[in-house]
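Shown next, in structure tokens, is the structure this report addresses.
FYI, it's all coordinate maths here, none of it is from the lab. Keep in mind it's a predicted model, so treat the numbers as computed, not measured. Cβ placement follows ideal geometry from the backbone for every residue including glycine, while neighbour counts extend to all protein chains displayed.
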């Protein structure tokens, strides 16, 4: 099992907003899947974090092609309230410019208020990415958990689950 932790400049905070009903889903810059072939991802925790960050950045830019490419068929996100959101809903939300703009502002505010860092555990072709609070006093240390699988040379998301932000 491999594990890495690190500082978080972006990432799941925005996706947590979506799961808590505050906005769309989110994670750093990457070329849209529809524009150019992508080089293979390394089978490392750092590569998983990079894909997660690219996911959030794509949602803030409205890059639905990248989000569609990253999320595997059957992808589900479970919000803090237990409600499931499917891939189609997430991709379609990324296509709405008004929602994207509002979401980007809310995501930045969420990250500033509740900073967290990534922790990745690798199990062969599966990675578990947990975004954990940087505040040791919080009652909800894990804010978001994403499951990635390695397919066709790339990490892809198949499942996410989110907890409530601190009160």
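Here are a few things to note about the model shown:
- Residue 138 versus residue 78: modelled label distance in nm, points set 7 Å from Cα along the beta carbon direction: 1.9 nm
- The length gained on full extension between residue 125 and residue 99, counted as 0.36 nm times the residue separation minus their Cα-Cα distance, comes to 6.0 nm.
- Looking at segment 29-167, the pairs of alpha carbons with a distance over 19 Å make up 53% of the total.
- Rounded is the label for segment 47-121, because the ratio a/c of its alpha-carbon gyration tensor axes (a ≥ b ≥ c) stays below 1.5.
- Classified by the C-alpha gyration tensor, segment 57-101 has an oblate form. Its axis ratio a/c, with a ≥ b ≥ c, is 1.5 or above, and a/b does not exceed b/c.
- Euclidean distance of C-alpha centroids, segment 40-67 and segment 74-139, integer Å: 12 Å
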